[in-house]
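A short worksheet on the structure shown next.
What follows is calculated from the coordinates using simple rules that are stated; it is not laboratory data. Bear in mind the structure is a predicted one, so any value in this text is a computation, not a measurement. So basically every Cβ, Gly included, is an ideal-geometry build from the backbone, and we count neighbours across all protein chains shown.
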Amino acid sequence: MLKAVLFDLDGVITDTAKFHFLAWRELGKELGVTVDEAFNEELKGVSRMDSLERILAFGGLADKYSLAEKEALCTKKNDHYLELIQEMTPADILPGILPLLEELRAAGLKTIITSASKNAPGILELLQVKDYFDGIVDPASVAAGKPAPDIFLAGAALADAEPAECIGVEDAASGVEAIKAANITAVAIGDAEVLAQADRVLPDTSALSLAVLRDTWEKAIA
Ligand code: BG6
Ligand code: MG
């Protein structure tokens, strides 16, 4: 039986992905590294420090900064990101998400946030949806970030469910890879080519419903 839905946050519940992109692009400029939309795909779902490491490697700057300097760069990016998101309200919840959360609650399914973002609790507060979730996995509590399976395995455990009883919802290739590595059924939102590893790809969140999640899960575990 399908027991739990494990939700990514950025790009699934709300479109913070564009603000992460703007903040990384700005920091990239300061470092002399061009972060364009194509390269940004490789940052989606990836933790703050891992994203910085990827940007530095992309710009041939892998060994240039000490850990303390890299931490300062991450803080700078995050301060800019927090400025960009502070105006967010419940109107920024992506289409179809609230009705889905209502459906899941009515059907008694568990809902867990499995986001790499340390800002997830604050964003859920801004969107006023915190109460729809049974738990939030603290990304700092897992050993390896996406594309490793750890955060989704922790999400299943938090829901008191086996991986086979869960479905994960993601917008990033690294996230889909993490879900599949955890032996969990994956629904992806976005470009079918980028997200080809998912069990089902939907063009946007308005196509999400309990019926679509159940159907995807049933076909995947059959
Ligand atoms: C993920 C985003 O959800 O969280 C990434 O897709 C982001 O772009 C990562 O880098 C970490 O977020 P934060 O808020 O902790 O910097
Ligand atoms: Mg995401």
In order over the range 146-163: 3J(HN,Hα) from phi, Karplus 6.51/-1.76/1.60, θ = phi - 60°, whole Hz, x for each Gly or Pro, gives 4, x, 5, x, 3, 5, 6, 5, 5, x, 4, 4, 5, 7, 6, 10, 7, x
Under the Karplus relation with 6.51, -1.76 and 1.60 and θ = phi - 60°, whole-Hz ³J(HN,Hα) for the range 197-208, x at Gly and Pro, equal 6, 6, 6, 8, 10, 10, x, 7, 5, 5, 7, 6
Placing +1 on each Lys and Arg Cβ and -1 on each Asp and Glu Cβ in the range 138-180, then taking the dipole about the Cα centre, the residue among Val169, Ala143, Ala159 whose Cα reaches farthest towards the positive end is Ala143
Summing +1 per Lys or Arg and -1 per Asp or Glu among the other residues with Cβ less than 13 Å from Lys110's Cβ gives -2
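Tally Lys and Arg at +1 and Asp and Glu at -1 over the other residues with C-beta under 10 Å from the C-beta of Ala181: what net charge comes out? Walk me through the numbers before you get to the answer.
On the way: positive: Lys146, Lys180; negative: Asp150, Glu177.
So the environment of Ala181 carries a net charge of 0.
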Largest fluctuation, Leu43, Leu153, Leu27 only, Gaussian network model of the chain with Cα springs under 10 angstrom, belongs to Leu27
Between Leu202 and residues 5 or more places away or on another chain, the pairs with built amide H atoms under 5 Å apart involve Ala188, Ile189, Gly190
Rounded to the nearest 10 degrees, the helix 48-58 long axis (Cα) sits at an angle to the longest Cα principal axis of the chain of 50
Whole-Å distance linking the alpha carbon centroid of the range 164-222 with that of the range 95-117 is 14
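Which of Lys130/Lys219; Lys70/Lys130; Lys110/Lys180; Lys44/Lys180; Lys64/Lys180 have a Cα-Cα distance over 27 Å? Please list the in-between numbers first.
Numbers: Lys130/Lys219 30 Å; Lys70/Lys130 31 Å; Lys110/Lys180 19 Å; Lys44/Lys180 17 Å; Lys64/Lys180 35 Å.
In this structure, Lys130/Lys219; Lys70/Lys130; Lys64/Lys180 lie more than 27 Å apart at Cα.
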Taking Cα atoms only, Rg over Rh for the chain with Rh from the Kirkwood formula is 0.97
For the chain, longest principal axis from Cα atoms; helix 67-85 axis from its Cα atoms; angle between them, nearest 10 degrees, is 60
